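Remarks on the structure that follows.
The values are calculated or read from the model by the stated rules, or taken from the named source; none is laboratory data. These numbers were taken from a predicted model, which means no experiment stands behind them. So basically every Cβ, Gly included, is an ideal-geometry build from the backbone, and we count neighbours across all protein chains shown.
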Amino acid sequence: MKCIFCKQPSENSRSVEHIIPESLGNTKNILPRGIVCDQCNNYFSRKIEQPLLEQAFFKNLRGRNWIESKKGRIPPEEIIFLGANEKSILYRNEKATPKMILDIHDQNFFQKIFTGEKKELIFPFEAERPPANNRTVARFIGKIGVEALAQRWMEHDNWMEYHTSHEGLDLLRNFVRYDTSKIDWPYSIRKIYRENEQFRNSNDSNEETLDVLFEYDFLMEPVGSDSYGLYVCVAIKGYEFTLNIAGPEISGYKDWLNRNNNISPLYLKKADRINPVFQ
């Protein structure tokens, strides 16, 4: 057994690999021990996932959607009182009473609230959209792509040998695992549904509604006359990230969107694709 990233022997590895981090709500989509070795698993946690989750956009996304970390913590959010000179901090804890605690940093403004002089509403401070052209985001989506492809191939015999020996994945492998310095890997960002969108479970006779945390799938599309792009599409609370795992270009995906009325590849007819993995 070899790790799908570093290609080193991994049969003695003890850790499983979460394709989407636990701190983004993933408890089910997990690669078994040894598919990603302990060293790569630890590297991704320290060098990619932790820096990504510390970005303001992802911290506030998790906070306002009450998404707990694997330790059961919800990230605090920076908020603004209209007229205050400093940002304040909103802490959430679904298991505590009260469930929200506000730490107002501007003490002069706090006194005005306390006396009733100021009564403006507060609102979460958030980035308008996820960061574009961000190396950590690109490596994060690339990691998901390599691992989701392994998840897709696992049902076939000799899949691991094929995956680890596939030279077409080596450029992305090195970008994700070793942060190859000379590569800029573009990705697409867009919002395809609201964060609080509710979905019907078509397999439930009672038509239960679901709050989807994330989903992912692949799109294969020609690039030029003699090559193909394999695009991994990852939606996190309605924000769709798309990256070509076959090479650092995104033009084929954008051309596909123009030809298909900007529909997400995650929502093509079932006859046209395999159902996305979602939670």
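Table for the structure above
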quantity	calculated
In segment 43-57, the residues that are of a type outside the set (Lys, Arg), over 18 Å from Thr27 (Cα atoms), part of a helix (DSSP H, G or I) and at pLDDT 90 or above	Tyr43, Ile48, Pro51, Leu52
Hits in segment 32-50 - residues which are under 23 Å from Glu161 (Cβ atoms) and either in contact with a strand residue (DSSP E or B) (Cβ under 9 Å, 6 or more places away or on another chain) or hydrophobic (A, V, I, L, M, F, W, C) (or both)	Pro32, Arg33, Gly34, Ile35, Val36, Cys37, Cys40, Asn41, Phe44
Within segment 122-193, helices (runs of 4 or more DSSP H) holding 3 or more residues that are without any contact (Cβ under 8 Å) to a residue 24 or more places away in the chain and of a type outside the set (Lys, Arg)	159-165, 170-178
Positions within segment 75-102 being assigned to a strand (DSSP E or B) and touching a residue at least 24 places away in the same chain (Cβ under 8 Å), in sequence order	Glu77, Glu78, Ile79, Ile80, Phe81, Ser88, Leu90, Arg92
In segment 21-39, residue nearest to the chain's Cα centre (by Cα) [restricted to those that are among the β-branched types (Val, Ile, Thr) and buried (at least 19 other Cβ atoms within 10 Å of the Cβ)]	Val36
The one condition in (1) at pLDDT below 90; (2) surrounded by 18 or more Cβ atoms within 10 Å (Cβ to Cβ); (3) touching a Pro at 6+ places or on another chain (Cβ under 9 Å) that Asn244 fails to fulfil	(1)
Candidates Ile80, Ile20 - the one that is modelled with pLDDT of 85 or more and of a type in the set (A, V, I, L, M)	Ile20
Among (1) within 13 Å of Val16 (Cβ to Cβ); (2) in a helix (DSSP H, G or I); (3) of a type in the set (D, E, K, R), the one test that Lys70 misses	(2)
Number of the exception - Glu78 against (1) under 18 Å from Gly142 (Cβ atoms); (2) of a type outside the set (A, V, I, L, M); (3) touching a helix residue (DSSP H, G or I) at 6+ places or on another chain (Cβ under 8 Å); (4) surrounded by fewer than 21 Cβ atoms within 10 Å (Cβ to Cβ)	(1)
Residue list for segment 1-20, restricted to those being surrounded by fewer than 21 Cβ atoms within 10 Å (Cβ to Cβ) and without any contact (Cβ under 8 Å) to a residue 40 or more places away in the chain	Gln8, Pro9, Glu11, Asn12, Arg14, Ser15, Val16
Counted residues, segment 88-103 - those being modelled with pLDDT of 80 or more and surrounded by 12 or more Cβ atoms within 10 Å (Cβ to Cβ)	9
Selected residue [closer than 21 Å to Arg173 by Cβ and among the charged types (D, E, K, R)] from Glu77, Glu49	Glu49
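Per-residue answers, yes or no, for (1) crowded, with 17+ Cβ neighbours inside 10 Å; (2) over 17 Å from Arg139 (Cα atoms); (3) aliphatic (A, V, I, L, M); (4) modelled with pLDDT under 85:
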site	(1), (2), (3), (4)
Ser181	no, no, no, yes
Ile189	no, no, yes, no
Ser227	no, yes, no, yes
Pro265	yes, yes, no, no
